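This report concerns only the one structure given below.
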Amino acid sequence: MHYRLICKTLGKFFFATGLTLLLPLAWSLPYGEQDWQAFLLSALIGTVAGGLLYFSFRREKREIGRRDALALVAFGWIGAALLGSLPFLFSGALDNFTDAYFEAMSGFTTTGATVITDVTVLSRGLLFWRSFTQWLGGMGIIVLFIAILPYIGVGVRQLFKGEVPGPVKEGLTPRIQQTARALWLIYLGISVIQAALLTIGGMDFHEAVCHTCATIATGGFSTRNESVGGFGSFYFEAVIIAVMFIAGANFSLHHRMLSKRSLAAYFRDSEFRTYAAILLAVTLLITANLTLAGPEGSTLPDNLRNAGFSVVSIMTTTGFGTADFDQWPSFSRLLLVALMVIGGSAGSTGGGIKVVRLIIVAKNAYVVTYRIFRPHAVKQLKLNRIPVGSEVVQTVNTFFCIFVFLFVAATLAMAGLGLDPVTGFSAVAATLGNIGPGLGLVGPTCTYAWIPGPGKWILCACMLFGRLELFTVLCLFIPSIWKR
Amino acid sequence: MATTAIVGAGMVGLSLAERLANGKMNVIVVDLSPEALGQVGDRLDLQTIQGHGADPRIIETLKASGTDLLIAVTDSNEVNMISALTAKQVGIKRTVARIRNEVYLQGTRMIYRDLLGIDLVISPWIVTAMKIANTISTRGSAEVESFANGKIRLLHFPVTSECPLVHRRLSNIPTPGFLITGIRREGEMIVPGGDDELSPGDMVWVVAIAGQENRVLKLFAAPREDAKRVFIVGGGQVGLLLAQTLEKRNISVRILEQDRARCEELSAVLSSKTAVLHGSGTDLNLLKEEHAGRMDVFAAVTSEHESNIVSALLARRLGAAKTICLSNRSDYMQLIQDLGIDMAFNPRLLTASAIQQFLHRGSLISMEILEDGKAEILEIMADLSAKAVGRKLKNLGLPKGSIIGAMNKKDGVIVPGGDDTIEAGDTVVVFTVPENIPEIQRIF
């Protein structure tokens with residue numbers, strides 16, 4: 001690892017992140033809010049610190065290697081959340097650093113877990129910043145920088161791999177920068193369309209933009225305490241369901257669809273088919289469960305609408321709510337927890353284990369079992385008719401094990417801090433999977449504000465692990481990566 | 001008189017040289033090895049040239065001595081290709097190259113013929129695999145032949161009284177994806193028109209697009225007894241092609257291969273329904289464990305021909321219904337039959353026959369004689385120079401007693417109607433009475 005090189009590149013990143021803080025500043029001015037000072041101060045700190053860091057190490061000429069890339073991605077995210085927390089502190093919206101950092105990390109990692117009990121008292125600038133951090137984090141801040149910054153070096157491919165979710169990372173184009181641009185362009189395009197649709201439907205422009213940022217990124221921050229349910233509009237819910245569904249699918253499929261102008265890519269992809277099938281099956285199961293065993297007076301159409309929204313919201317790891325699913329029968333609640341763990345598709349903006357990993361784990365289980373009674377058989381694990389290499393299978397299995405291990409360890413820690421089991425394990429599921437709301441005392445109507453300080457830091461770590469898909473962060477715990 | 005050059009005095013080269021020289025044709029054999037040439041020269045009345053098959057000077061010499069056909073059958077794919085290409089460039093009219101590497105066979109006939117100028121690219125593995133595949137499915141006598149690399153199939157089956165199409169005029173029977181090309185009734189062969197009807201007791205020949213066979217047989221309610229389970233020993237190119245062909249016909253396949261890495265390749269290419277097994281074909285316990293004895297067909301197609309014989313014998317002892325083995329030794333053929341193995345195939349002889357067929361027929365790719373010569377089915381490639389090119393079928397002037405059953409066009413196989421046009425590079429499958437053959441050759 002080359003410390004000077006990392007400092008120099010991080011300097012660039014911080015400078016750019018500092019610049020993004022000018023956007024909420026511009027946002028708050030027309031509304032005549034006082035928060036612009038907080039944003040200006042934060043932006044200054046970001047750009048000056050970044051600029052200084054870059055300037056002091058500008059003579060470093062080395063190219064980014066594999067180790068540097070991993071460290072850069074991890075530190076880039078930790079640093080971004082640090083900068084992102086400043087406006088909350090300077091504006092006085094949150095009074096301690098832990099809460100501010102939690103809120104910012106929850107934003108960038110598109111988790112959507114909040115410590116703010118009443119979001120309606122926040123200024124529009126802050127509400128926009130909260131949603132905007134999710135928009136930045138959704139497609140990936142590092143990928144964004146790759147897309148817009150001038151030439152970063154040959155290590156750029158490693159940076160890309162460190163951040164983009166999924167077990168197999170293919171570029172869509174020969175150059176990573178082109179790929180990053182293509183991804184961000186699609187992302188931007190969908191955002192514009194969604195914001196337009198919401199505004200046309202009668203949503204206030206400010207709220208439409210905030211919700212758009214939080215939807216396409218599968219983030220889940222809302223401008224209302226009741227989340228999307230606060231609007232009570234079927235049209236808004238339909239638009240948001242559609243965009244969440246798109247955001248939870250692999251963006252390279254969207255790219256293929258757009259470049260070939262055919263929907264065939266979706267149907268040929270087994271991950272997409274499974275993703276859609278799970279959404280449909282669980283929606284029907286929960287609707288049935290709610291109708292048969294749910295609260296009195298609930299009607300089938302209402303149940304279908306609530307179940308559909310919650311299922312898509314939870315599986316894509318967005319975390320918007322229209323109903324308090326914590327009041328649902330336990331079968332429905334646990335189904336939602338299962339969806340939290342599964343998460344969206346590889347190459348999407350969603351979190352969780354990812355559908356494709358689940359498919360690989362399941363297929364591998366079949367192959368291994370098959371070999372037991374037919375030892376001479378040679379069976380390759382195939383995905384979309386192409387064999388998956390044994391290294392990939394092994395990595396996916398390991399990912400699965402580490403995920404479970406982290407899950408158990410973090411849940412135990414939460415229990416140690418005095419949380420009840422349901423709250424503790426669902427809080428970990430909701431942060432490790434970047435969803436947001438959990439069950440019990442962190443359910444859709446509650447916040448994370450009451451969780452003790454150390455608990456918040458553990459959950460922050462969970463969010464980071466979840467967003468960067470474990471390995472990028474875990475690498476930092478292996479001593480030899482730190483050697484020069 | 002026409003002179004043919006054969007590059008490569010291996011088994012295929014020798015076998016061809018023998019057939020051609022005895023057929024009163026001038027033959028020149030080119031080979032690197034003086035010993036090999038010496039043996040040929042002693043046995044046959046032909047000229048020999050010692051040298052590299054792709055040496056431009058040698059090819060020019062060949063051209064100068066009046067060669068109008070060059071057949072490249074050395075052990076090297078690349079030498080064969082370059083030799084054929086060079087020959088074409090210096091003006092030798094027709095060229096044939098034997099290609100064994102599957103990568104080169106991914107190209108279409110168009111690429112080799114029209115762009116590179118090799119008139120026939122022949123793969124012993126494809127020839128052999130197709131031949132074996134055909135015998136496997138003729139068990140129920142439902143499928144007789146395939147054309148256009150297996151994309152077009154000829155079916156042959158009886159019409160029973162249960163057939164729902166009986167006593168209907170053919171023009172009233174919708175036939176998407178297939179065509180009734182021949183009816184044999186009371187010893188007479190009829191090439192039917194729209195006014196003919198089917199009656200119970202007829203035997204029909206139907207040309208169908210591959211993949212439609214089951215639908216056709218169902219439509220006619222034809223009785224069918226097909227191989228359902230096939231065991232293949234050897235995952236080389238023949239084994240792989242055979243497995244792929246059988247998979248497409250929904251036959252359950254087990255394929256046994258000795259090399260672990262090759263097993264993984266096979267499993268990557270083959271469907272997940274096919275069981276790829278790692279082990280030796282002469283391992284009796286393994287064969288028992290995998291129920292080799294309960295198979296409808298057991299085919300040993302490794303490159304070790306003696307092991308093939310042993311495998312097939314083991315399978316026969318275990319009870320396999322039909323055993324097939326591959327052998328390059330023509331002197332073993334009788335022995336293999338004496339041992340009770342049902343069929344033996346020799347890739348080299350099959351290749352030589354296929355090349356010879358090509359030579360005799362010009363643009364004819366293949367030809368099969370049906371029912372003791374009462375009908376023939378031809379697969380013809382429409383040259384750029386063919387008269388038929390650019391004309392609609394109804395204007396073709398095809399004589400009565402002949403019918404075009406299917407065409408393999410650039411974008412897929414079709415069962416043509418009168419308004420379809422023949423384009424250069426198309427392959428047509430013609431069902432005909434033998435008397436019409438000269439007339440058909442004139443048209444194409």
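Structure notes:
- Distance between the stretch A:2-19 and the stretch A:113-143 - C-alpha centres, whole angstrom: 23
- Ranking of B:F147, A:F97 by count of other Cβ atoms within 10 Å, fewest first: A:F97, B:F147
- Among B:L287, B:L339, B:L313, A:L335, a tally of other beta-carbon atoms within 10 Å of each Cβ gives an order, fewest to most, of B:L339, B:L313, A:L335, B:L287.
- Charged side chains reduced to their Cβ positions (Lys and Arg at +1, Asp and Glu at -1) give chain A a dipole of some 2680 debye around its Cα centre.
- Under the criterion of Cα pairs below 8 Å and six or more residues apart, the relative contact order for chain B equals 11 percent.
- Label sites at A:C7 and B:K228, each approximated as a point 7 angstrom past Cα along Cα to Cβ, lie 7.6 nm apart.
- Computed over chain A: relative contact order in percent, which uses C-alpha pairs under 8 Å that are six or more apart: 17
- Magnitude of the charge dipole for the protein assembly as shown, about its Cα centre and with charges confined to Cβ atoms of Lys, Arg (+1) and Asp, Glu (-1), is about 1440 debye.
- Relative counts (whole %) of C-alpha pair distances in the stretch B:171-287, using bins that are 5 Å wide: 2, 10, 17, 15, 12, 9, 9, 9, 8, 5, 3, 1
- Most mobile listed residue (B:S307, B:S353, B:S271) in chain B, GNM with C-alpha springs under 10 Å: B:S271
- Sequence of B:K273, A:K354 once ranked by neighbouring C-beta atoms within 10 Å, starting from the fewest: B:K273, A:K354
- Model label points for B:V269 and B:L44, set 7 angstrom from Cα along the Cα-to-Cβ axis, are 3.2 nm apart.
- Helix-derived mean residue ellipticity, 222 nm - over chain A, DSSP H n ≥ 4, -39500 (n - 2.57), to 500: -21000 deg cm²/dmol
- At R0 = 41 Å, FRET efficiency that the Cβ-Cβ distance of B:E18 and B:S385 yields, to 0.05: 0.80
- Here the stretch A:380-413 is scanned for amide nitrogen atoms under 16 Å from the site 7 Å beyond the Cα of A:R374 along Cα-to-Cβ, giving A:380-382.
- Calculated P(r) of the stretch B:318-358 - Cα pairs past 11 Å, %: 66
- HN-Hα J in Hz across the stretch A:126-134 - Karplus 6.51, -1.76, 1.60, θ = phi - 60°, x for Gly and Pro: 5, 4, 5, 4, 4, 6, 5, 4, 5
- Whole-Å semi-axes of the stretch A:85-159's equivalent ellipsoid (Cα gyration tensor): 29, 11, 11
- For the stretch B:200-243 versus the stretch A:68-83, the gap between their alpha-carbon centres in whole angstrom: 62
- For the stretch A:87-113, the residues whose amide N sits under 16 Å from a probe point set 7 Å from the Cα of A:Q34 along the beta carbon direction are A:88-95.
- Calculated FRET efficiency for the pair B:R294/B:T160, C-beta based, R₀ 30 Å, to 0.05: 0.50
- Taking only Cα atoms of the stretch A:264-384, radius of gyration then Dmax in Å: 17.3, 59
- Close amide H contacts of A:S348 (hydrogens built in the peptide plane, cut-off under 5 Å, sequence separation of 5 or more or a different chain): A:F251.
- Per the Debye formula on identical point scatterers at the alpha carbon atoms of chain A, with no solvent, log10 I(q)/I(0) at q = 0.07, 0.09, 0.10, 0.12 Å⁻¹ is -0.34, -0.58, -0.72, -1.06.
- Computed from label points 7 Å out along Cα-Cβ, the spacing between B:I173 and A:F267 is 3.2 nm.
- Two-decimal Rg to Rh for the protein assembly as shown - Kirkwood Rh, Cα set: 1.09
- Shielding value for A:379-387 is 4, the average number of Cβ atoms from other chains within 10 Å of each residue's Cβ.
- Taking the alpha carbon gyration tensor of the stretch A:205-281, multiplying each eigenvalue by 5 and rooting it gives semi-axes of 27, 14, 10 Å, largest first.
- Given charges at Cβ of Lys, Arg, Asp, Glu: chain B dipole, positive-most of B:G239, B:G51, B:V159: B:V159
- Residues of the stretch B:289-303 falling in the label zone of B:S280, defined by backbone nitrogen less than 16 Å from a point 7 Å along Cα to beta-carbon, are B:289, B:302-303.
Quick note: the coordinates plus some simple rules give every number you see, no bench work behind them. Everything quoted here is computed from the prediction, not taken from an experiment. Cβ atoms come from the backbone with ideal geometry, glycine included; neighbour counts cover every protein chain shown.
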